[in-house]
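The values are calculated or read from the model by the stated rules, or taken from the named source; none is laboratory data. Please read these numbers as outputs of a predicted model, since none were measured by experiment. Heads up, the Cβs are rebuilt from the backbone with ideal geometry, glycines too, and the neighbour counts pull from every protein chain shown. Ligands, DNA and RNA are excluded from the accessible area calculation, which covers all protein heavy atoms including side chains. Shrake-Rupley method; radii C 1.70, N 1.55, O 1.52, S 1.80 Å.
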Amino acid sequence: LDLAIAQNAAETILLHNRGGDVGLRVRLRGTRANPWGIGATVRVVYDGRRGPAREIRLGTGYWSTDDPVTVLGLAGTPRAVWVRWPDGRETETPLTEGQLEVTVERAGARP
């Protein structure tokens, strides 16, 4: 990932990641009241195990924001993406071999 850092009374800094490994980009589509799935927990599923959990957050500090699209590091071949939605429902979305981006939509989320 590249990183953009905004600072009060200073220029924005852009750091280019030139040596990092490729990850899995995950975008959630939640309910009308919570379209980005803020508060959901996401994990990569491998054969018989799940990777570390990542919580989708929107802001973590003074005038800050996080991108609701998250990139999960990979430690093997991913088979699916597991999501625990803010209302407690759980979904698992299968991945195809080599897939590095997925949009997971909560069932019944939008008309």
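Structural remarks
- Checklist (1) at pLDDT 95 or above; (2) open to solvent by 90 Å² or more (accessible area, probe 1.4 Å) applied to Asp67, failing item: (1)
- Restricting the range 1-24 to residues that are open to solvent by less than 80 Å² (accessible area, probe 1.4 Å) and closer than 17 Å to Leu95 by Cβ leaves a set whose member that is modelled with the highest pLDDT is Leu24.
- Residue count for the range 31-57 under the criterion of being of a type in the set (Lys, Arg), surrounded by 11 or more Cβ atoms within 10 Å (Cβ to Cβ) and in a loop (DSSP other than H, G, I, E, B): the result is 1.
- Pair list, Cβ under 8 Å, 6 or more apart: the range 34-60 residue acidic (Asp, Glu), other residue assigned to a loop (DSSP other than H, G, I, E, B) and surrounded by 12 or more Cβ atoms within 10 Å (Cβ to Cβ): Asp47/Arg79; Glu55/Gly39; Glu55/Ala40
- Of the residues screened, Arg27 is one that is closer than 21 Å to Leu3 by Cα, in contact with a strand residue (DSSP E or B) (Cβ under 6 Å, 6 or more places away or on another chain), in contact (Cβ under 8 Å) with a residue 40 or more places away in the chain and open to solvent by 90 Å² or more (accessible area, probe 1.4 Å).
- In this entry, Leu74 is excluded by the filter for residues that are closer than 15 Å to Thr103 by Cβ, in contact (Cβ under 8 Å) with a residue 24 or more places away in the chain and among the aliphatic types (A, V, I, L, M).
Rundown of residues vs (1) closer than 29 Å to Arg106 by Cβ; (2) among the aromatic types (Phe, Trp, Tyr); (3) in contact with a strand residue (DSSP E or B) (Cβ under 8 Å, 6 or more places away or on another chain), yes/no style:
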site: Ala10; (1), (2), (3): no, no, no
site: Leu14; (1), (2), (3): no, no, yes
site: Asn34; (1), (2), (3): yes, no, no
site: Ala40; (1), (2), (3): yes, no, yes
site: Gly48; (1), (2), (3): yes, no, no
site: Ala53; (1), (2), (3): yes, no, yes
site: Thr60; (1), (2), (3): yes, no, no
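- Which numbered condition Leu28 misses (of (1) outside any loop (DSSP other than H, G, I, E, B); (2) over 19 Å from Glu101 (Cβ atoms)): (2)
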